[in-house]
Amino acid sequence: MDINSRPVVVKRMPERLNSRTAREFLRDVRPFLAADRPQLVFDLSLVAQIDAAGVEMLLRCMSEAHKRDGDVKLASLSDQAAVVLELTRTERLFEIYETSTEAARSFSGFLPNAMRQQLLHNKRSATQPTAA
Amino acid sequence: MDIRGLLLANSENMEEKGQAEAPLATLDVAGKSTLQRMAERLQQYGISSVSAVVETAAPSGVRNFGLPSDVTCLAAAPDRFWRIAESVFNDMAQSGAELVILVRLGAYAEADFEKLVQFHLDRKERVTQMASDEQKLEIFCISASRRNDAASLFRTQLAHCRSECPLFQHEGYLNRLASPRHLRQFAIDILTRQAQTCPAGKEIRPGVWTAPGAMIEKGARILAPAFIGSMARVRSGAVITRCSSVERHAEVDCGTVIENSTVLPFSYVGAGLDLAHSVAGMGRIVNLHRDVTVTIVDPKLVASVSVASGRRLMTSAAEIVTYLPRLAFHGMFASAKSGQPDLQATLRQTPPALGTAAGFETSACDTEASHKFPNMVVARRYGHQ
């Protein structure tokens, strides 16, 4: 069983997230959302302005991902983005991480124990030198 | 004895310049601006002749700023502010004033002006300054005949006086009012009666004040302590709680929760939002927890209501006129709804301000308990409820 086959896609969101940029962004990420069990991380560190259309787009992405048994996580929220998400009561719907790396790692954090042990075993066997 | 009051309000003291177009002293807090409150305080101490100079970006002239009719108020452009203040002082001296109480807002201090004047007269001083502990306040008692001392004060923007100023210790309530955080704290102090000054309205329930013309729709909940300003509108399903203050002509739309926040005058907060620990208005939200100011461009979230009454009337009229056609249009083209609304589904909805995403089901409500007990709902509780 190959447990590393599903990639985590990290996308940086634009500085201004209005209806036009949200549409463009959605068009960009749609192929990733259409995959089986999509795993996406949106980096919001650059976001300086976000409106209702931007928040709506985030919810739509999440909804699409959930339909395919995947998830969308947010990372590095700028203060502006955090305030708007809090205002619209949507911050509680997403898993939010300090950095994109942490968010990406979190996707493997919920693996069943058996899978995690197998992953560790695979790593160990890869690092150990083979006997001559 | 002829004692007069001179109030100065400009924005040089503000920590975050550009935070608001007007000086913080002219913004309403629980129904009245600091400027109004200080003018009334001076009048309470028997200082009947009070003048105010307020900095505005608009051309100079006489404007009211909500002050009592017997208070002379002058609007001054930023570059002419101190010159106008000095000339008002000189006019007072010429017209027979013996003492002038000069207050720059700035800080709001519930000063005992009687003791200040007595201290000044006992010591036969030219200028006496008020201080709280080590911090000097911009409240002075000036002998009107000492024009040179006054001129030196005005020309250094109250930083220095040519003669030595003894300090009179202030012992009452003090708020620096230098930032939105202080503005918020001032509202809390007024509503919890930490300050002597009161909310400008009628106490309809213990701890709930409403000003004349405030409209609270059926289904809205106002939990004490709270203040609703004149002509402010709190729509159905909204919750105002934890020392929140909705100032005059502000509007809080359906289902929005205002918690420990101030909604500034002529501001609109959209439907289904959650405004907490903030000062909102003028298209901005100052979040005090995060210590950040965010400009909101989306009028569905936070917007400004027109200050002009004619324009507001036109907007309301247009809303009324288009109400029935909108309903008819909605009835003809909207998809048919199921007969009985599901409470769980309703609770899972995101804010209506988000448009089509409003139907998105939140995972936050999909708790284990809600699956086990489908008829149980978990609602957020506010205050004593």
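Values quoted throughout were computed directly from the atomic coordinates according to the rules given, and no laboratory measurement underlies them. Treat the numbers as computed from the prediction; the structure is a model and nothing was measured. All Cβ positions, glycine included, derive from the backbone under ideal geometry; neighbour counts span all protein chains shown.
Counting other Cβ atoms within 10 Å, keep those with at most 10, restrict to DSSP loop, and tell me which trypsin sites (Lys or Arg not before Pro) in the stretch B:168-257 are left.
Values: sites: B:ARG176, B:ARG181, B:ARG184, B:ARG193, B:LYS202, B:LYS218, B:ARG221, B:ARG233, B:ARG235, B:ARG242, B:ARG248; in loops: B:ARG176, B:ARG193, B:LYS218, B:ARG235, B:ARG242, B:ARG248.
Passing both the DSSP loop test and the Cβ count: B:LYS218.
Quick query: amide H of B:VAL50 versus all other amide H atoms, modeled in the peptide plane; which residues come in under 5 Å with a sequence gap of 5 or more or a different chain?
B:GLY5, B:THR72
My understanding is that a pair violates if its Cα-Cα distance is over 30 Å; which of A:LYS73/B:LYS218; B:LYS32/B:LYS124; B:LYS218/B:LYS300 do that in this structure?
On the way: A:LYS73/B:LYS218 39 Å; B:LYS32/B:LYS124 36 Å; B:LYS218/B:LYS300 22 Å.
Result: A:LYS73/B:LYS218; B:LYS32/B:LYS124 exceed 30 Å.
How high is the relative contact order of the stretch A:8-72, given as a whole-number percent (alpha carbon pairs under 8 Å, six or more residues apart)?
Values: 97 pairs, mean separation 29.7, N = 65.
Averaging sequence separation for qualifying contacts and normalising by length gives 46 percent for the stretch A:8-72.
Just to confirm the filter: which GluC sites (Glu not before Pro) across the stretch A:62-111 are DSSP coil and have at most 11 other Cβ within 10 angstrom of their Cβ?
On the way: sites: A:GLU64, A:GLU86, A:GLU91, A:GLU95, A:GLU98, A:GLU102; in loops: A:GLU91, A:GLU98.
Answer in residue order: A:GLU98.
Convert each backbone phi in the stretch B:220-225 into a coupling constant with the Karplus relation 6.51 cos²θ - 1.76 cosθ + 1.60 (shift: θ = phi - 60°), then list the ³J(HN,Hα) values in order as whole Hz, x for Gly and Pro.
Karplus values, whole Hz, x for Gly and Pro: 7, 10, 10, 9, 5, x.
Using only alpha carbon pairs under 8 Å that are at least six residues apart, calculate the relative contact order of the stretch B:260-301 and give it in whole percent.
On the way: 67 pairs, mean separation 14.8, N = 42.
Result for the stretch B:260-301 is 35 percent.
Could you tally the net charge around B:LYS115, taking each other residue with its Cβ under 15 Å from the Cβ of B:LYS115, Lys/Arg +1 and Asp/Glu -1? Don't skip to the answer; put the middle values down first.
Values: positive: B:ARG41, B:ARG123; negative: B:GLU110, B:ASP112, B:GLU114, B:ASP122, B:GLU125, B:GLU171.
Within the 15 Å Cβ shell, the charges total -4.
For the stretch B:22-29, in order, what is each residue's ³J(HN,Hα) by Karplus, 6.51 cos²θ - 1.76 cosθ + 1.60 with θ = phi - 60°, in whole Hz (x at glycine and Pro)?
Karplus-based 3J(HN,Hα) across the stretch B:22-29 equals 8, x, 4, 5, 9, 7, 5, 10 Hz.
Skipping prolines and chain starts, which residues have an amide H placed within reach, meaning under 5 Å, of the one on B:VAL239, given they are 5 or more residues away or on another chain?
B:ARG221, B:THR256, B:VAL257, B:ILE258
What residues have an amide H closer than 5 Å to that of A:VAL10, excluding those fewer than 5 places away on the same chain, when H is modeled at 1.01 Å from N in the peptide plane?
A:VAL41
Provide the net charge surrounding B:ALA214, with neighbours chosen by a C-beta distance below 10 Å and charges set as Lys +1, Arg +1, Asp -1, Glu -1.
Details: positive: B:LYS202, B:ARG233, B:ARG248; negative: none.
Computed value for this residue: +3.
Starting from the Cα-Cα distance between A:ASP79 and A:SER125, subtract it from 0.36 nm times their residue separation and give me the gain in nm to one decimal.
Details: separation 46, 0.36 × 46 = 16.56 nm, distance 4.35 nm.
Between A:ASP79 and A:SER125, full extension yields 12.2 nm more.
Once phi is turned into ³J(HN,Hα) by the Karplus curve 6.51 cos²θ - 1.76 cosθ + 1.60 with θ = phi - 60°, what whole-Hz value does each residue of the stretch A:70-80 show in order, with x for glycine and proline?
Listing the rounded values in order: x, 8, 10, 10, 10, 9, 6, 5, 6, 4, 4 Hz.
Counting Lys +1, Arg +1, Asp -1, Glu -1, what net charge surrounds A:LEU40 among other residues with beta carbon under 15 Å of its beta carbon? Each step should come with its number before you reach the end.
Numbers: positive: A:ARG6, A:LYS11, A:ARG12, A:ARG27, A:ARG30, A:ARG37, A:ARG60, A:LYS67, A:ARG68, A:LYS73, A:ARG105; negative: A:ASP28, A:ASP36, A:ASP43, A:GLU64, A:ASP69, A:ASP71, A:GLU95, A:GLU102.
Combined, the nearby Lys, Arg, Asp and Glu give +3.
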